[in-house]
Amino acid sequence: MTITQLRYIVALDQFKSFAKAAEHCLVAQPTLSLQIQKVEQELGFDLFDRKKNPIITTKLGKEVVEQAKSTLKEADKLYEIAGQWKDEPAGNVSLGIIPTVSNYLIPSIYKKLQTEFPKVNFRISELPTLTIIEKLESEEIDLGILATPLKIPNIVEHQLYYEPFVVYYPKDAKEKSTSVSMKHIEKYPLLVLGEEHCFRHQSLKICNRNALAKIESGSVETLKRMVDMGIGVTLLPKLAVDKISDRIVPFQSPEPAREISLVYKKGFYKTKILNKLTNLILSVIPKEYHKKEKFKVIGVSIAQD
């Protein structure tokens with residue numbers, strides 16, 4: 001029984017499909033199927049019920065899968081220890097990132113990931129906060145980038161930077177000033193993201209609004225277009241604003257801001273990659289956002305996201 005065979009078993013248990021498992025493992029479907037059959041022959045029992053659609057892991061198969069996960073984790077640690085002695089980190093890293101961060105951060109760092117981590121295979125997924133936490137705990141992904149603090153016992157938060165919120169006004173607004181407080185925007189309908197976004201709940205906290213907003217959307221760009229039509233105002237993450245405009249106004253000091261962190265499950269061991277990725281991200285974030293002294297950090301409720 002080989003490490004590769006164990007990876008195939010875990011993938012099939014996860015995806016419940018030979019085709020999807022093979023695609024995930026970057027091998028041909030017949031190759032994956034044959035290797036799993038060899039393991040079953042060696043053990044003397046079936047790991048999967050192939051008559052079901054989707055495929056079901058058998059009772060004994062579930063025990064084997066759990067042990068395989070543990071074995072793979074320990075094997076990866078050995079590779080990582082070996083990697084610590086090399087000039088360049090290597091291996092696979094799966095990264096989940098919330099949409100309101102990914103839309104500006106990933107374009108800024110993607111090419112640098114390829115040049116600075118030539119031997120690391122990054123798998124990047126845009127996911128809501130709750131899904132990232134669930135996948136970290138089930139070890140389906142290695143790292144997450146999201147708004148904190150979350151204060152989840154089994155999750156470590158590695159703070160990166162602090163991003164202020166700004167107000168986006170409609171074109172004909174007459175209450176604009178160089179900085180805003182609640183009295184400047186309370187007369188406007190507030191447009192927010194949908195329930196799955198932590199940015200929505202932070203926006204409502206800042207504006208002291210408990211009632212439903214007039215419009216909810218899954219996209220920041222949709223909210224901006226609705227504001228352009230004069231329907232209301234919305235809050236935006238400062239780094240997602242790519243131009244200077246008198247319609248984009250900061251809050252009065254101390255500015256409300258969200259804390260953005262790299263998060264991972266306790267026991268994460270790819271420290272060399274973590275440290276280098278931290279430095280890479282900070283290199284594209286303005287230095288005035290590296291420390292939280294001048295900001296009022298708005299917390300996140302995992303139950304709501």
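The values are calculated or read from the model by the stated rules, or taken from the named source; none is laboratory data. From a predicted model like this one, the values you see are computed outputs, not experimental measurements. As a convention, Cβ positions derive from the backbone with ideal geometry for all residues, glycine included, and neighbour counts pool all protein chains shown. With ligands, DNA and RNA removed, areas are computed over all heavy atoms of the protein, side chains included. Shrake-Rupley method; radii C 1.70, N 1.55, O 1.52, S 1.80 Å.
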Within the range 21-56, of all residues that are farther than 14 Å from R7 by Cα and in contact with a Lys or Arg (Cβ under 8 Å, 6 or more places away or on another chain), the one surrounded by the most Cβ atoms within 10 Å (Cβ to Cβ) is I55
Does V93 satisfy the criteria of being touching a helix residue (DSSP H, G or I) at 6+ places or on another chain (Cβ under 7 Å), under 30 Å from H197 (Cα atoms), surrounded by 15 or more Cβ atoms within 10 Å (Cβ to Cβ) and not aromatic (F, W, Y)? yes
So the strands (runs of 3 or more DSSP E) completely within the range 101-178 holding 3 or more residues that are closer than 26 Å to H201 by Cα and among the hydroxyl-bearing types (S, T, Y) are 155-168
Margin query: When you scan the range 58-68, do you find a residue that is open to solvent by 90 Å² or more (accessible area, probe 1.4 Å), of a type in the set (K, R) and within 16 Å of I9 (Cβ to Cβ), even just one?
Written below: yes
Listed by first then second residue, the pairs whose first member lies in the range 24-44 and is closer than 17 Å to V64 by Cα, whose partner is part of a helix (DSSP H, G or I) and open to solvent by 60 Å² or more (accessible area, probe 1.4 Å), with beta carbons under 9 Å and at least 6 positions apart or on separate chains, are Q35/T4; L43/L60
Filter the range 164-210 for residues that are in contact with a helix residue (DSSP H, G or I) (Cβ under 9 Å, 6 or more places away or on another chain) and of a type in the set (S, T, N, Q); the one that is modelled with the lowest pLDDT is N210
Restricting the range 215-249 to residues that are closer than 25 Å to A147 by Cα and among the polar types (S, T, N, Q), the one modelled with the highest pLDDT turns out to be T234
Taking the range 94-120 and the residues there that are β-branched (V, I, T) and touching a residue at least 60 places away in the same chain (Cβ under 8 Å), the one that is nearest to K272 (Cα to Cα) would be V120
Note on the range 3-20: residues open to solvent by less than 40 Å² (accessible area, probe 1.4 Å) and without any contact (Cβ under 8 Å) to a residue 24 or more places away in the chain are A11
